[in-house]
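Right, one structure below, let's go through it.
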Amino acid sequence: MTPFVYARADSLGDTIAAGAAPDSAFLAGGTELLNWLRLGITEPTRIIDISRLDGLDQVEALPGGGLTIGALMHLNDVALHALVVRDYPVLSQAILNAASPQLRNLATIGGNLLQKTRCAYFRAEEQLPCNKRQLGSGCSALHGINDNHAIFGWTEDCVATQPSDPAVALAALDAVIVTAHRSGGRRIPAAEFHLLPDTRPEADNVLQQGELITAIELPAPAPRSAYLKVRERESYEYAIVSAAAVLEMDGQTIRRAALALGSVALRPWRLSAAEEQLAGAEIGDREALSTAIEQSFAQARPLSQNAYKIELAKTAALRAIEKAARMSS
Amino acid sequence: MNFHDRHLLRLRVNGEDHSLSDLDPRVTLLDLLRERLHLTGTKKGCNFGECGACTVHLDGRRVNACMILAVSCEGREVTTIEGLADGDALHPVQQAFIDHDGFQCGFCTPGQVMSAAALIEEGHTGSDAEIREWMSGNLCRCSAYPQIVEAVRAAAGRASQ
Amino acid sequence: MMISQPVARPDGGVKVTGRARYAADYFAPDLLYAVLVTAPVPAGRVTSIMVDDALAEKGVVRVLTHEDMPKFGRFASPRAEPDTQMQQAEGPPAAQSFMPMQGDEIRHEGQPLAIVLGETLEAAEAGARHVALRFEFAEPELPAPPEWTAIDKAAVVPRESGFLFLEPTFTKGDVDRGLSDAAAMVEAVYLQPSRHHNAMEPSATLAEWNDGELTLHDATQHVYGVRQVLAARLNVPAGKVRVISRHTGGGFGGKGWIWPHQVLAAAAARIMQRPVRLALSRANAYSCLGYQPRMAQKIVLAADRSGKLTAVQQDVVNLTTVSDDFVEFATEASKGLYATPAMRLSQRVERANVAMPTALRAPVEGPGTWALESAIDELAHRLGIDPLDLRLINHADTDPATGQPWSSKKLREAYEEGARLFGWRERPRKPQRDGDWLIGYGMATCSMGCFRHPTPAAEVRLHRDGRVLIRTGTQDIGTGTLTIFPQIAADVLGLPMEKIELEMGDTELPEAGPTYGSSSTMGVGAAVLAAAEDARSQLARLANLLPDEVEMHDGHIRRRGAAGGQTIADVMSHTDIGEIIGSGSFDPAQHGNGLAMRTFGAIFMEVGVDPGLGLLRLRRAVGSYSAGRIVNPRTARSQMTGGIIWGWGMAAMEQSRHEPVLGRFLSKNLSGVAIPVNADIPGDIIIHFVDEVDEHASPIGGKGIGELGATGVAAAVANAVFDATGKRIRELPITPEKLL
Ligand SMILES: Cc1cc2nc3c(=O)[nH]c(=O)nc-3n(C[C@H](O)[C@H](O)[C@H](O)COP(=O)(O)OP(=O)(O)OC[C@H]3O[C@@H](n4cnc5c(N)ncnc54)[C@H](O)[C@@H]3O)c2cc1C
Ligand code: SF4
Ligand code: FES
Ligand code: FES
């Protein structure tokens, strides 16, 4: 690691003031940041340890229904919180499928959304041609090994995917990411938080320097929701494809569906066209569900080695819907 | 906010208070334990959070010591494999690993044992499948996995299912 | 009797408390931390190494480059014979002939180019990031695309560079006739990727010089090998090199031979006149150490209507580095498994600018059984014969290649007992489902050749108070030797396990060879047995008893069959000897001449395949083995389950992918390279050993088991996948895109 100075933050005001200085970075759980420092992915000169900021590590019920989750809550604490387990199983499952028990004791939910791609070229111990490491150096994956890369929303500048599991659940839940910044805070819809590579391939998300995530707000409970993660080993591995489904049902009929796919693009990918067609479908009618899902794949574009992910993603979406329907409300 | 490139760190390790002056903030908890305190029971298998060999308890929770800046542990309590036994009396998990042959080369073992001890506290011993999942943050290349599950089950005082 | 008892490991205490020390756990006063700077390109020349920025880093003491390094000496192969190609060759225990940092040439990505030395690890690591390199690029030889035609075209006949342990071709009988006579034939190509050992302990070396003498704490499977190679490379007498390795954190072959980093650490310490610790990073472990090379195998099996093989043809090509021809002899499986009148086998290599491959747990037969046991399954389906029956039909009663009788073989029993434990004969023949999962059953034969390294020695010291110290210069890599050797001595000396101590992993101890090739129980175990018997004989003489007629029991020595006897203390109190030193060794040349030696077994597996999601999961397995006497069923079970899981990793996920443009391994970390986790492995793995004693292989009656369990598994999995889905997968690993 390149040398840096360190300070522990104890007030929100000081934190966002100090964070605004270029070259400073927040440290929450550290499970991403430390690896970036070791690989030279980022080289901040000032580290602001936000892990002990007060008041950002609780779950609270919102007055009109819904929950607010403090950004510094550890992943395990979010996933195992009684209200999350009961009302937002998709989020609980997504988290428990992420990383490892030890990492989830360190990693925060806010930091999780800020993780960068796991593209092997990007994560290499040497700096390889990669626009996300160094803009203009090219994309090694485009014509290289890309079997686990994007099928949606990629450009020739970058074909990577966003690996966060919780982000997929949050996108399907229409969660809101609440931030604080020296120039005022924002409320950002989860599905719009991450950036596709079309304009600034080096950027991952919409946050500005020094903008702090304080909370994640979940709307009304979604007890009929589920997460499905596909990976070659059973645990402690990133997804090849994942799917989050949130359903409202009348008996066996879907009233409303929200679907998001993970690890298929640089942001969680909402299947809006499919969602529209799913309204009114019978849960037992696999063909109708599949036809609906198909709608959203018109825009899918495979790379040289990952056409299989398209089929896989369709099945994952279907299975996630069926799994969600089995969750009791 | 006061930024420094050298820090005073006070923390408790295995019940003993330590005060380290002039600490480089780049030092991880893992390297602090191993290289400064010479507590080498905690292992470095990857240094990237990918193997679990460095598992210790921080304020009672199991975590990967390679993913923590030591300086951020100010005032905290760390337990390592060296501090798990009660004097000469092995922790039940340690004994169970011996009884069930839960290791071969032993390199991953401190991490496995620390993970297992925490897992039992967490209550994730409802079934063998649950133990397997909650022990999956610790790689074992000797692949003692079935015996590790047996050891955890036994230490948790649960009969085979 | 301690032998055959499931005795708990005496090393448990130190291993569960963190007191067991591995190479990187040692310190020395004034220690310097070393971090490697490695080549980011696979071929070319480094034209300048700029170290100023690195030296500006606080705590960085020095950056060593090839200009600072001494000229390393040549290591002459112990196999060298005058007037042969071998004379020029190096070979084991040196892992490769090419030594980095001897010039500006780059032969593979990840090759060490500089060593940054710091007062702290943080300083050395930061310094290494700031060493700036300039290159002259050269067009690298890159691995051919992974398909037979490309690989076949790139393949050449291997030259002897120290790693050509056998002839590269083998023929027997009339293959063409066997092919034309056949009623059924299978011709197929089986592929497998390069795979790393990924031992949990990355290799580490602490080197310290004192008055021209070198002490090394090292992560190795062969302390004497390290001494031999370092002495040659550094031009010092072997007697001045001491190598200590009390515990090694997994080897699997990756620490079997001696790699350049061990030499570099010692050279750096000599230059700096300070102790140096070089602990490889996980990324270093992918390019500074070996791996099992990518392989392609083309097999033709021909059989008559009854299923009897009429010919076997196999062409194997493995990847190797440009400097040495490492040959992975997968054809050994075909030479040893099935009776056939005709065989035509060939081994070739494909050279490229890649790191040097090496042996990896279950070499040779591991890859060999992947191809052969898949092909046998294909043949069984073509003939409409049960895969187990086809194997029984072709059972080799003598060694197929040489016709020699077996030292012992109970494979028929292993098949039968395994099949019974698994329920093979009763398995459902119609496609089975469990929700979204298709269920399949598959089996394969397991087999490993027996490596018996020459003449390991051991010493057994019997103290007058009845304590015993076993001393032998082999090393603990977790296989169970720390348990088994005391068991062996305990039986001879009639003492409980608690009385017996064992010291290993030090060149101050009697030389005992490497810990690989599943050889330790046979070889070193036999040496311990001989040493214990020698100690007992000496005690017998002191007690005025005939050595051949005594037995020891409960701390007493007596004539066999007699009651009571004299205590050890009593016997020794009549003398002024404080301790008896028994010594023993094992010379394989004296045992089993003219006999073929192998271990055998059968693996039966049940897998689930979710064809919608491309998932493959293990549901249960039975391994049934014929491997001679099992000294400790408890540690043996761990070895076998460990082997099966190793094989599962090979089948289902493991691969170190060669990046086709950059000429590097795509990922050099454990999140980019999958190895099995606990959740992958069901509890339902049954291990069974056939009751057997092989007196010819070694006086212990046992043979090696450490690798046997890992053979056959990949084929059994692919065969089960075929059973479940009707899809024949011929390329490992069996990942989702192949199953959709
Ligand atoms: C081996 C391994 C496997 C993993 N597997 C998975 C997986 O399967 N699925 C998955 O989803 N994740 C996985 N992860 C990623 C892990 O979940 C994230 O690293 C973690 O959630 C990040 O949170 P953190 O608090 O540790 O972030 P940090 O490392 O502390 O911070 C990461 C970044 O976010 C910034 N930051 C943190 N908190 C805030 C905040 N409140 N406001 C503004 N900026 C902030 C920091 O400045 C930094 O730039 C894995 C990680 C590892 C190491
Ligand atoms: S896909 Fe994106 S992250 Fe990967 S190499 Fe290309 S630019 Fe870099
Ligand atoms: S060393 Fe910390 S997880 Fe591997
Ligand atoms: S015991 Fe060797 S890695 Fe687990």
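The values are calculated or read from the model by the stated rules, or taken from the named source; none is laboratory data. The shown structure was predicted, so the numbers you read here are calculated from the model rather than taken from an experiment. With ideal geometry, Cβ positions are generated from the backbone for all residues, glycine too; neighbour counts draw on all protein chains shown.
With the checklist (1) out of contact with any Lys or Arg (no Cβ under 8 Å at 6 or more places or on another chain); (2) under 26 Å from C:F689 (Cβ atoms) in hand, flag the one item C:T402 doesn't pass.
Going through (1) out of contact with any Lys or Arg (no Cβ under 8 Å at 6 or more places or on another chain); (2) under 26 Å from C:F689 (Cβ atoms) one by one, C:T402 breaks only (2).
Given segment B:80-161, what helices (runs of 4 or more DSSP H) lie entirely inside it while holding 2 or more residues that are in contact with a strand residue (DSSP E or B) (Cβ under 6 Å, 6 or more places away or on another chain) and either within 16 Å of ligand 1 (Cβ to nearest atom) or without any contact (Cβ under 8 Å) to a residue 12 or more places away in the chain (or both)?
Numbers: elements: B:92-99, B:109-122, B:128-134, B:145-155.
Qualifying helices (runs of 4 or more DSSP H): B:109-122.
Using the structure shown, decide if B:C66 is away from ligand 4 (no atom under 16 Å from the Cβ) and either surrounded by fewer than 19 Cβ atoms within 10 Å (Cβ to Cβ) or not basic (K, R) (or both). Give the derivation first.
Details: away from ligand 4 (no atom under 16 Å from the Cβ): yes; either surrounded by fewer than 19 Cβ atoms within 10 Å (Cβ to Cβ) or not basic (K, R) (or both): yes.
Criteria met by B:C66.
Looking only at strands (runs of 3 or more DSSP E) that lie completely in segment C:218-335, which have at least 1 residues being among the polar types (S, T, N, Q)? Break it down into steps so the answer makes sense when it comes.
Working: elements: C:241-244, C:276-279, C:295-303, C:309-321.
Passing ranges, in order: C:295-303, C:309-321.
For segment A:307-329, how many residues meet the condition of being surrounded by fewer than 21 Cβ atoms within 10 Å (Cβ to Cβ), within 11 Å of chain C (Cβ to nearest Cβ) and farther than 21 Å from A:A279 by Cβ?
4
Checking the conditions here, which among B:E150, B:E133 is at the interface with another protein chain (Cβ under 7 Å from one of its Cβ atoms) and of a type in the set (D, E)?
On the way: B:E150 fails: at the interface with another protein chain (Cβ under 7 Å from one of its Cβ atoms).
Going through B:E150, B:E133 in turn, just one is at the interface with another protein chain (Cβ under 7 Å from one of its Cβ atoms) and of a type in the set (D, E): B:E133.
I'd like to verify a number: residues in segment B:45-60 that are in contact with an Asp or Glu (Cβ under 9 Å, 6 or more places away or on another chain) and more than 14 Å from ligand 1 (Cβ to nearest atom), how many?
The total comes to 3.
Which ones in segment A:125-174 are within 22 Å of the chain's Cα centre (by Cα), within 16 Å of ligand 1 (Cβ to nearest atom) and farther than 30 Å from A:A220 by Cβ? Before you say what the answer is, go through the steps one by one.
At the first step, the residues of segment A:125-174 found to be within 22 Å of the chain's Cα centre (by Cα) are A:130-133, A:141, A:146-155, A:157-174.
Keeping just the survivors that are within 16 Å of ligand 1 (Cβ to nearest atom) gives A:132-133, A:148, A:160-173.
Answer for segment A:125-174, where residues must be within 22 Å of the chain's Cα centre (by Cα), within 16 Å of ligand 1 (Cβ to nearest atom) and farther than 30 Å from A:A220 by Cβ: A:K132, A:R133, A:N148, A:A160.
Confirm whether C:L482 is in contact with a Phe, Trp or Tyr (Cβ under 7 Å, 6 or more places away or on another chain) and either in contact (Cβ under 8 Å) with a residue 60 or more places away in the chain or assigned to a loop (DSSP other than H, G, I, E, B) (or both).
Numbers: in contact with a Phe, Trp or Tyr (Cβ under 7 Å, 6 or more places away or on another chain): no; either in contact (Cβ under 8 Å) with a residue 60 or more places away in the chain or assigned to a loop (DSSP other than H, G, I, E, B) (or both): yes.
Considered against the rule, which asks whether it is in contact with a Phe, Trp or Tyr (Cβ under 7 Å, 6 or more places away or on another chain) and either in contact (Cβ under 8 Å) with a residue 60 or more places away in the chain or assigned to a loop (DSSP other than H, G, I, E, B) (or both), C:L482 comes out as no.
Of all residues in segment B:1-51, count the ones that are more than 16 Å from ligand 3 (Cβ to nearest atom) and part of a strand (DSSP E or B).
16
Does any residue of segment B:83-106 turn out to be within 14 Å of chain A (Cβ to nearest Cβ) and under 27 Å from C:G642 (Cβ atoms)?
Taking segment B:83-106 first, the residues within 14 Å of chain A (Cβ to nearest Cβ) are none.
No: zero hits.
Do we find that B:Q161 is modelled with pLDDT under 95 and either within 13 Å of ligand 4 (Cβ to nearest atom) or more than 11 Å from chain A (Cβ to nearest Cβ) (or both) in this structure?
So B:Q161 fits the description; yes.
All but one of (1) within 13 Å of chain B (Cβ to nearest Cβ); (2) under 22 Å from the mean Cα position of the chain (by Cα) hold for C:R657; state the number of the condition that does not hold.
In the conditions (1) within 13 Å of chain B (Cβ to nearest Cβ); (2) under 22 Å from the mean Cα position of the chain (by Cα), C:R657 misses (1) alone.
Which members of segment A:29-53 meet the condition of being over 19 Å from B:L58 (Cα atoms) and out of contact with any strand residue (DSSP E or B) (no Cβ under 8 Å at 6 or more places or on another chain)?
A:N35, A:W36, A:L37, A:R38, A:L39, A:G40, A:I41, A:E43
State all residues of segment C:313-335 that are surrounded by 24 or more Cβ atoms within 10 Å (Cβ to Cβ) and small (G, A, S); if no residue qualifies, say none.
Within segment C:313-335, C:A330, C:A333, C:S334 meet the criteria.
Looking at (1) assigned to a helix (DSSP H, G or I); (2) buried (at least 24 other Cβ atoms within 10 Å of the Cβ), which one does C:D491 not meet, given that it meets all the others?
All conditions are met except number (2).
Could you tell me whether segment C:42-60 includes any residue that is under 29 Å from the mean Cα position of the chain (by Cα), in a loop (DSSP other than H, G, I, E, B) and either over 30 Å from B:G106 (Cβ atoms) or not acidic (D, E) (or both)?
Narrowing segment C:42-60 to residues under 29 Å from the mean Cα position of the chain (by Cα): C:42.
Those still in the list that are in a loop (DSSP other than H, G, I, E, B) too: C:42.
In the following step, the residues that additionally are either over 30 Å from B:G106 (Cβ atoms) or not acidic (D, E) (or both) were identified as C:42.
Checked against the condition, which is being under 29 Å from the mean Cα position of the chain (by Cα), in a loop (DSSP other than H, G, I, E, B) and either over 30 Å from B:G106 (Cβ atoms) or not acidic (D, E) (or both), segment C:42-60 yields at least one hit.
A:I293 - would you say it is in contact with a Lys or Arg (Cβ under 7 Å, 6 or more places away or on another chain) and assigned to a helix (DSSP H, G or I)? Walk me through it before giving the result.
On the way: in contact with a Lys or Arg (Cβ under 7 Å, 6 or more places away or on another chain): yes; assigned to a helix (DSSP H, G or I): yes.
Yes; evaluated as a whole, the condition is true for this residue.
List, please: which pairs have Cβ atoms under 9 Å, are six or more places apart or on different chains, and start with a residue in segment C:357-386 that is over 24 Å from C:F326 (Cβ atoms) and end with one that is hydroxyl-bearing (S, T, Y)?
C:A375/C:Y190; C:I376/C:Y338; C:I376/C:T445; C:L383/C:S306; C:I385/C:S306
Restricting attention to segment A:138-176, and to residues there that are more than 14 Å from every other protein chain (Cβ to nearest Cβ) and on the phi > 0 side of the Ramachandran plot, which single residue is farthest from ligand 4 (Cβ to nearest atom)?
A:D174
Does A:R186 satisfy the criteria of being of a type outside the set (A, V, I, L, M), away from every other protein chain (no Cβ under 14 Å), touching an Asp or Glu at 6+ places or on another chain (Cβ under 8 Å) and more than 16 Å from ligand 3 (Cβ to nearest atom)? Can you show your working first?
On the way: of a type outside the set (A, V, I, L, M): yes; away from every other protein chain (no Cβ under 14 Å): yes; touching an Asp or Glu at 6+ places or on another chain (Cβ under 8 Å): yes; more than 16 Å from ligand 3 (Cβ to nearest atom): yes.
It is true that A:R186 is of a type outside the set (A, V, I, L, M), away from every other protein chain (no Cβ under 14 Å), touching an Asp or Glu at 6+ places or on another chain (Cβ under 8 Å) and more than 16 Å from ligand 3 (Cβ to nearest atom).
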